[in-house]
Amino acid sequence: MGTLAIKNKLAFYLVIDNAIQVDFVVGGLSSFLLIESTNSFVPVARLKFTDLTGLVLDNYDKLYTGDLVYNLGHAGDSGKNGVKQYNHYIFTQKPTELFTPVSTSSVAFDITTWAELGPTLTYGDHVRSFGEVSAADAITALCTEEGIATRMIEPGSDKQFYIQGQWTNAQFIRYLATKAVSKENGQRGYLYFTDREGKLTFASPKYVYEQNKASAVKLAFASNPKYYAEHKDTTVLSWAFESNAQLFFSSTSYGRVFKYFDPSEYKYDEVLKTAANEVSAFSITTFALLNTKFGDYSLSEPLGRKIVDEVTLNTRSMSSLFDLTVLINYNDDVRLGSVVNFQMHLEKGISSASSRMVLDVISADWVVCKIAHRVDAESKEYFMKLSLTRSGIGQKAAQNLMK
């Protein structure tokens, strides 16, 4: 592929079954969204485009059964430097318009894909046995046998005989996450997800944070055009807070039943929590969600009274009472589990009191729990929408979220 003569040198094309190359920088793209999340085993993408050349329709049999290769990124002078390749399989595909406004011979397609690791995790039952090992050791052995690349596996203190008895790899990994116990802090309930590079993370939230905080990604809020021109990859384009309080407690008087693990009795107990009582009892600086996907929480006794310190729900993998979403230009340093912190770069004349207030809200170590990759169909610019979480508002260090 030759040099792309466009302003930001975005390279975005897909290869279908090693036979068809469709260039979306030239045209035909309607929308593209690729999502990677700590709440999903593998990244999933949705692509809508118009087949301007007829290549796709002429090779429809390959589209139906083949795999796809996304080549996406900011190209260098050669047209390929800096481009990342993502291998996906077609999950669903269909022509949406047999005749489009572009041409009576062009066809519009709507395709959903998932990362090539998807079938490895979800197709086929396996029978394996592992000696008296930790869940982390079992994961390591499984990944070696299946050829699964790993990003991070946290050592565990648990030890037992594990058997994968006619389970898919996804089912077995999910089971191992319930058994895993952190060697460092005794925390139960591991995260498990793969990122856009197909690398698996199997670790507790605190371990993910601790491993990534030294290489935290620096992003900036800026109202200075000159600063943005020189720091396009690290400047926040837009941002918003999301309140998750309604996810936690029922708005009815019946409340919600939570399960928690009692380590002293080594069993799960239940307790009923109602919104009216709990909202007044909780402090947003000490109450935070954790991901384990198993609906348990632990109790602690700050200030001499028991309150819920860590809560886990099935709805999200990592979340707190308030999450922050930011839109940035593509930044290859930002990954699932990355630690992010913020700076302020304002023009003269901006109220220092206002900037201090904003800094108090955003100052913290935030953790990336979801990335939505978007390519703007008109401008062909590549954006990343980040969902970030931490344990409270106005705290300069991640606390309860990562305990």
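Values in this text are rule-based calculations from the coordinates and carry no lab data. In this text the structure is predicted, and so the values were computed from the model without any measurement. Don't worry about glycine lacking a Cβ; one is built from the backbone with ideal geometry, like all the others, and counts go over all protein chains shown.
Couple of notes before you dig in:
- Formal net charge of residues neighbouring residue 84 (Cβ-Cβ distance under 9 Å; K, R +1; D, E -1): -1
- Taking the Cα centre of the range 10-115 as origin and assigning +1 to Lys and Arg Cβ atoms and -1 to Asp and Glu Cβ atoms, the resulting dipole is close to 200 debye.
- Cross-link pairs beyond the 30 Å C-alpha cut-off, checked among 9/48; 84/183; 9/370; 179/385; 48/213; 94/232: 84/183; 179/385; 48/213; 94/232
- Value of Rg/Rh across the range 121-203 [Cα atoms, Kirkwood radius]: 0.94
- Distance cut-off 20 Å, percentage of C-alpha pairs in the range 10-115 lying past it: 38
- The residues neighbouring residue 117, those whose beta-carbon lies less than 13 Å from its own, together hold a net charge of -3 under the Lys/Arg +1, Asp/Glu -1 convention.
- Summary value for the range 10-115: 29 percent relative contact order, contacts being C-alpha pairs under 8 angstrom separated by 6+ residues.
- For residue 207, the shell of other residues with beta-carbons less than 10 Å away shows a net charge of -1, using +1 for Lys and Arg and -1 for Asp and Glu.
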